[in-house]
Structures are given as C-alpha cells and as structure tokens.
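Below: the structure, in structure tokens.
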Amino acid sequence: MGKNIVEKILSNHIIEGELKVGTTAGIIIDRTLTQDSTGTMAYLQLEAMGIDKVKTKKSVAFVDHNMLQQGFENADDHKFIQTIANKYGIYFSRPGNGICHQVNLERFSVPGDTLLGSDSHTPTAGGVAMLAIGAGGLDVALAMAGEAYYIKVPKVVKVNLNGKLSPMVSSKDIILEILKRETVKGGVGKVYEYGGEGVKNLSVPQRATITNMGAELGATTSIFPSDERTKEFFIAQNRLEDWKELSADEDASYDEIIEINLEELEPMVAAPHSPDNIKTCREEGRIKIDQVAIGSCTNSSYEDFMKVSRILKGRKVADNVSLVIAPGSRQVMEMIARNGALGDIISSGARILENSCGPCIGMGQSPGTDAVSIRTFNRNFYGRSGTNSAKVYLSSPEVAAVSAIYGCLMDPRDAEFDIDFKDISTESFIIDDSMIISPAEDSFKVEVVRGPNIKPFPLNTKLSDSLLGKVIIKTEDNITTDHIMPSNAKLLPYRSNIPYLSNFCFSTIDEDFSSRALENKGGFIVAGENYGQGSSREHAALVPLYLGIKAVLAKSFARIHKANLINSGILAMEFENPDDYEKIDQMDQLKIENIFEGLKNSRIKIKDLDKDFDFYVKAQFNKKEIDMLLAGGKLNSIKEKVK
Ligand code: F3S
C-alpha cells in the first residue's frame with residue numbers, strides 16, 4: 001500500500017511509537033519558529049534547560065506581534081530575544097522584517113521537513129509541503145533542545161480540489177467552504193491533505209492561505225504537495241536548492257475524503273463571531289461597514305496586495321470606511337513600493353501599517369463602538385479586535401478591497417467595474433536577508449540582555465495524591481484562549497511578566513476571577529465543550545498555574561491548550577458523563593482523592609462536597625504526560641532528567 005504525504009513525512013521523522021491513528025508518537029523536529037509574544041517565555045524555558053546551543057537544523061526567532069513601543073517593555077523584550085537568539089544559535093528576524101509565517105514561507109520553508117512553531121498558524125508552511133505544527137512555547141523549547149515532539153498520530157483527510165476558481169473567488173473561499181462543512185472543531189485529531197487536479201491551479205501563497213486557516217478547523221495541520229508550482233515559488237525566492245518534489249503515492253489511502261468543486265464556490269465571509277459562521281456575500285447582503293483591514297498571516301502575500309492594488313487603482317475608499325493595510329513582509333512591502341502598486345493603494349486613501357500582525361492581534365486599529373469591520377484575517381472571535389461591540393467579518397482580499405470602495409459588504413462579482421488580475425505573479429522576488437541576523441559563532445561571549453519586564457518562569461509543585469478546592473469559575477462552551485488570557489494591546493507588552501498578567505485572567509467574562517483564585521489559594525475550573533480553542537497561547541495555562549489552578553474539568557478540550565495545561569502540571573480531564581457538568585456550580589467545593597491510582601486507571605473519581613454527589617472524569621494521559629503531571633509540569637520533569 002502506498003503512502004500519503006503525511007505518512008511519508010511522519011515515517012521519516014518518527015523516533016518513538018508507531019504510526020497508528022490515535023496513538024502517541026514521538027517525532028524529531030527539523031526546524032522551529034517563535035514569535036515575540038510566545039517567544040520570550042519559550043527562550044526563558046530553553047535557558048532553564050541548561051543546554052548550550054539549539055540542536056535543530058534551523059531555528060528562527062521572529063518579532064511581529066508586540067510592535068508598539070509606548071513604554072520600555074516591548075523594546076526590552078525584543079532585545080532579550082535578539083541576544084538570547086544570538087547566544088543559542090538561533091536566527092533572528094528583526095522587527096519590521098515581517099510576520100513570522102509569511103517570512104518563514106518566503107525564506108525558511110523546506111518541503112518534507114518538520115516545523116514546530118510557538119504560534120497556532122505555523123501550519124501556513126504546509127503550503128509548501130512542510131509538516132508544520134503549532135505548539136506551546138515549551139514544546140518548541142524542547143524541540144530546540146533536541147527532544148522529540150509527541151503527537152497523537154492524526155487521521156488524514158484528503159481534500160480533493162477539482163476544477164478552477166471563478167474570477168473574484170479566491171483560495172480564502174476554499175478554506176471558508178471547508179470551515180462551513182467541518183466547523184471549528186471538525187478538524188481535531190486530523191491533518192487535511194490537499195490533492196486533486198485543482199491543486200495545480202493554486203499558487204504557493206494561495207495554498208498557504210488555506211493551510212494557515214486550517215488552524216481554525218482545530219486540525220493538527222494541513223498540507224499541500226510540493227509540485228511544479230512549488231518549484232516556481234522556490235525559484236522566484238532564489239532557493240531552488242531547498243525545493244524537492246513530494247506527493248502522495250497513487251494508491252495512498254485516507255481516513256476521510258472531502259470533494260470540492262472549485263467552480264461552484266462563491267465569495268464568502270465568516271460572519272461574527274466565529275470563523276465557521278459562513279455566509280455567501282450575497283446572502284449576507286450589502287451591510288454598511290466602517291473599517292476594512294487587509295493583511296495578517298492569512299492574506300498578506302505579494303499576490304494578495306497586487307490584487308488589492310488593481311482593485312483600488314484610480315478609485316477612492318468610501319467616506320464611511322477606514323481602510324488599513326499591512327503587507328506581510330518587508331519583501332512584499334518593498335516589491336509593491338518599487339513597482340508602484342503601493343502608490344495606487346495610498347492614493348485610494350488607505351492607511352499603511354508596518355509589516356506585522358497589527359490589528360489582527362488587537363495591536364492598534366480597534367474598530368469604533370458597534371462598528372462593522374471586514375478583515376482578511378483568520379479569526380473573528382468576540383472581542384479579539386479590541387472592541388467588544390464590533391462585528392468582524394473575515395473575507396478574501398478581493399471582497400475586502402471592493403467593499404472598501406463601496407462602503408458596504410460587496411460580492412466583488414457585483415462591482416460595476418472590471419478588474420484585470422493578469423500578470424500579477426512574479427518570477428523573481430526581491431531577495432534581501434539583511435534583516436535576518438545570524439547567530440554568534442562564539443556564543444560564550446554573548447551576554448543576554450534582560451529588562452525589568454522579564455520575570456521568572458512560574459513553576460508548579462509536585463502533584464499530590466488528593467486535592468481539595470473550589471470551582472473558581474464555571475464556563476460555557478467554546479471558551480477561547482483569548483477569554484482565558486486576553487491579549488489586547490495593553491497587555492501584550494507583559495507576556496514575560498506573568499504576575500502582572502494574572503490580574504486579567506478571564507477578565508472579559510468574569511472580572512473577579514483572579515481575586516477569587518487568590519483568596520481561595522487556587523482551585524479548579526469547570527468548562528463546557530472545546531475549552532481553550534483559538535491561539536496556542538501558553539499564557540492561558542501559565543497564568544492559571546500562577547493563580548493556583550490545579551485541574552480543569554471540561555466536556556472537551558482544544559488540542560494545543562490541553563497540551564499546554566499538562567505541560568504546566570495542571571490536570572486536564574473530561575467529564576465521563578457530560579450531564580455532570582450541569583450539576584456543579586461555581587464555588588462548589590470539590591475533593592479529588594486517589595489521584596495516583598486514578599492516573600493508572602485513566603479514570604478519577606471526584607466528590608462535590610456541596611451537592612454531595614460523586615462523578616468520574618477521564619484521566620487519559622500517556623506515560624510521559626503522567627510523569628509530567630506527577631513532577632509538576634514538563635520543565636520540572638526535564639530538569640529532573642538533566643540532573
Ligand atoms: Fe499574527 Fe494574526 Fe497571524 S496575530 S501570526 S497575523 S493570526
């Protein structure tokens with residue numbers, strides 16, 4: 001039996017376990033990436049492990065999230081990352097060089113290699129056939145230290161793309177269609193592998209838009225083959241030596257198959273407040289809009305901005321709309337600046353932001369009260385824009401740019417002008433890696449610079465056999481990591497300062513959570529379905545750890561967040577009978593006994609002392625996870641190992 005692409009890469013990298021769906025396997029990681037927001041912590045953890053240099057083929061530290069310098073904090077963090085990268089053998093992409101996933105795709109991606117990134121949109125690199133997975137900062141630090149990364153061997157879903165997209169329908173609409181069918185939790189435990197005749201009609205940046213937003217399916221990752229179109233991209237990036245062909249065998253088998261006829265797709269949007277709330281533009285109608293934002297790691301390629309400039313050329317942004325654009329990298333910015341496209345964009349009345357995440361992370365450009373914002377981004381969770389009352393729609397660059405001109409949401413096919421997208425691809429990008437700093441040869445001489453905002457990494461204590469505590473919060477379904485640990489512009493500078501951040505844990509849904517946790521010396525969290533969905537933010541586990549949270553009992557968890565909780569030594573367990581969730585109230589006193597025995601049996605009994613009833617939770621952890629939980633988290637267990 002032949003192999004699919006995922007099986008080929010996994011079998012080349014497996015060092016522990018077997019490739020049996022649902023079992024845990026350890027794979028070796030070739031490359032890593034971090035961004036600044038999660039990077040500061042990852043590097044503090046790497047440092048704490050006591051190794052001299054990273055053991056990966058190449059590791060890169062990007063700065064793209066916390067770019068505003070309204071105080072010393074961000075600048076200090078950037079300097080810390082730059083110096084620690086220099087010391088540990090890590091490449092440093094300077095602030096202003098671009099968004100990690102865009103720059104990684106352009107300058108560092110390699111087909112067939114594994115990539116672990118401390119950002120949930122790391123799967124973007126699947127656009128060039130990398131097996132690229134988002135993880136917590138600690139997992140990335142461990143990969144840099146040469147440790148295996150443990151994954152649940154995923155099911156592989158083949159997405160068969162047939163035909164060709166119609167004019168004004170874009171690859172964003174392909175992933176929106178898949179989100180409509182599969183929902184934000186449909187991809188858990190799966191990799192989406194793209195194939196079919198339609199693939200050859202998609203360029204690498206178009207493929208990367210799809211693999212980027214595959215993260216919103218909850219998928220482990222998404223991947224395209226590496227073919228002639230991929231080769232063209234590598235030639236244009238002057239990196240042919242990094243390219244190799246990679247495709248599924250003819251007789252490869254898959255766990256599921258999805259068929260998509262590209263010709264039938266229409267321009268779509270993800271309506272507020274979830275990436276799977278999909279409507280066609282015509283269905284949603286011409287609603288009045290206030291803001292349009294084009295950029296983010298989903299849609300900020302050269303090709304995207306060339307399309308946008310063609311739409312805006314000779315036209316003006318509507319009076320009621322603020323249009324902001326943020327190219328994904330310096331390469332993209334420089335190219336559109338030199339070929340005149342940026343001039344057309346500026347002349348339309350657009351506001352130009354720097355090459356970074358910007359509004360996607362709520363770092364500026366929050367919409368006004370009750371405003372409607374159309375964004376080419378990947379997430380529109382409640383409050384993420386920085387304005388709770390705002391309604392954010394996610395769309396393609398074509399929908400966004402045409403809507404900016406009309407002042408309302410538009411199906412771009414209904415525009416009263418014709419746009420010609422011919423000749424927008426390029427055969428050679430501008431290559432200038434001068435903003436990527438190579439690490440020092442002699443690392444012993446490098447001094448790591450630490451500002452006062454860099455606080456020590458919080459460590460858990462060894463797990464006890466019994467726990468007694470209160471339910472500090474009971475949440476609903478689909479709680480995101482943004483709910484647990486908001487990451488608005490005011491808080492982002494404090495990513496390396498957990499004590500300060502702890503004041504804001506759950507603050508968007510429960511202002512008193514953190515004081516209640518402190519008063520009660522920690523306790524438990526009770527949650528509904530899909531707890532911890534959204535970004536890979538490790539802080540959503542580290543801050544509860546700092547506040548003394550010992551266990552989270554949920555109907556179900558999002559994959560990365562569950563791993564982050566376990567890494568922090570917090571018991572993440574699912575209700576055996578989801579109805580028990582209803583019986584528990586906030587501030588109920590819970591008693592968990594015989595935990596060690598329960599971990600062996602994958603099942604733990606809990607007593608609700610206020611309601612006087614017992615219930616069971618699933619304690620399904622592999623051997624390594626159990627060791628970690630017993631030691632009080634992964635870093636404690638690695639420290640023990642190094643000792
Ligand atoms: Fe940045 Fe938003 Fe992507 S925060 S990495 S542009 S999801």
Query raised in the report: Among the residues of the stretch 540-557, is any within 16 Å of the ligand (Cβ to nearest atom), assigned to a helix (DSSP H, G or I) and either surrounded by 22 or more Cβ atoms within 10 Å (Cβ to Cβ) or small (Gly, Ala, Ser) (or both)?
Result: yes
Query raised in the report: Residues of the stretch 110-126 being assigned to a loop (DSSP other than H, G, I, E, B), out of contact with any Ser or Thr (no Cβ under 7 Å at 6 or more places or on another chain) and within 15 Å of the ligand (Cβ to nearest atom), which ones?
Result: His121
Query raised in the report: Given the structure, is Asn97 touching a residue at least 24 places away in the same chain (Cβ under 8 Å) and either surrounded by fewer than 24 Cβ atoms within 10 Å (Cβ to Cβ) or among the basic types (Lys, Arg) (or both)?
Result: no
Requested in this report: Determine whether the stretch 287-306 contains at least one residue that is outside any helix (DSSP H, G or I), more than 16 Å from the ligand (Cβ to nearest atom) and surrounded by fewer than 17 Cβ atoms within 10 Å (Cβ to Cβ).
Outcome: yes
Report summary line: Matching residues in the stretch 127-170 (part of a helix (DSSP H, G or I) and within 16 Å of the ligand (Cβ to nearest atom)) number 3
Query raised in the report: Quick one: is Gly314 within 22 Å of Lys288 (Cβ to Cβ) and either within 16 Å of the ligand (Cβ to nearest atom) or part of a loop (DSSP other than H, G, I, E, B) (or both)?
Result: no
Query raised in the report: So which residues in the stretch 408-420 are surrounded by 15 or more Cβ atoms within 10 Å (Cβ to Cβ) and in a loop (DSSP other than H, G, I, E, B)?
Result: Leu409, Met410, Asp411, Ala415, Ile419
Query raised in the report: Which of the following residues is outside any loop (DSSP other than H, G, I, E, B), acidic (Asp, Glu) and surrounded by 14 or more Cβ atoms within 10 Å (Cβ to Cβ): Glu625, Glu640, Glu597?
Result: Glu625
Query raised in the report: Which residues, counting only those in the stretch 410-430, are out of contact with any Phe, Trp or Tyr (no Cβ under 9 Å at 6 or more places or on another chain) and closer than 23 Å to Leu202 by Cα?
Result: Asp411, Pro412, Arg413, Asp418, Ile419, Asp420, Phe421, Lys422, Asp423, Glu427, Ser428, Ile430
Query raised in the report: From the set of residues in the stretch 34-44 that are part of a helix (DSSP H, G or I) and surrounded by 24 or more Cβ atoms within 10 Å (Cβ to Cβ), which is nearest to the ligand (Cβ to nearest atom)?
Result: Ser37
Requested in this report: Kindly indicate which of Gly96, Gly50, Gly71 is more than 16 Å from the ligand (Cβ to nearest atom) and more than 26 Å from Asn567 (Cα to Cα).
Outcome: Gly71
Report summary line: Over the stretch 374-385, the set of residues within 14 Å of the ligand (Cβ to nearest atom) and crowded, with 22+ Cβ neighbours inside 10 Å is Arg375, Thr376, Phe377, Asn378, Arg379, Asn380, Arg384, Ser385
Query raised in the report: Can you find even one residue in the stretch 153-162 that is closer than 26 Å to Thr280 by Cα, touching a strand residue (DSSP E or B) at 6+ places or on another chain (Cβ under 6 Å), of a type in the set (S, T, N, Q) and in contact (Cβ under 8 Å) with a residue 24 or more places away in the chain?
Result: yes
Query raised in the report: Scanning for something in contact (Cβ under 8 Å) with a residue 40 or more places away in the chain, touching a Gly at 6+ places or on another chain (Cβ under 8 Å), surrounded by fewer than 23 Cβ atoms within 10 Å (Cβ to Cβ) and at negative phi, does the stretch 513-531 turn up at least one residue?
Result: yes
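Yes or no, residue by residue, for (1) under 23 Å from Cys357 (Cα atoms); (2) crowded, with 22+ Cβ neighbours inside 10 Å:
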| site | (1), (2) |
| --- | --- |
| Gln70 | yes, no |
| Pro111 | no, yes |
| Ile133 | yes, yes |
| Met144 | no, yes |
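Each value in this text was obtained by applying a stated rule to the coordinates, not by laboratory testing. These figures come from a predicted structure and were not determined experimentally. Note that each Cβ is placed from the backbone with ideal geometry, even for glycine, and that neighbours are counted across all protein chains shown.
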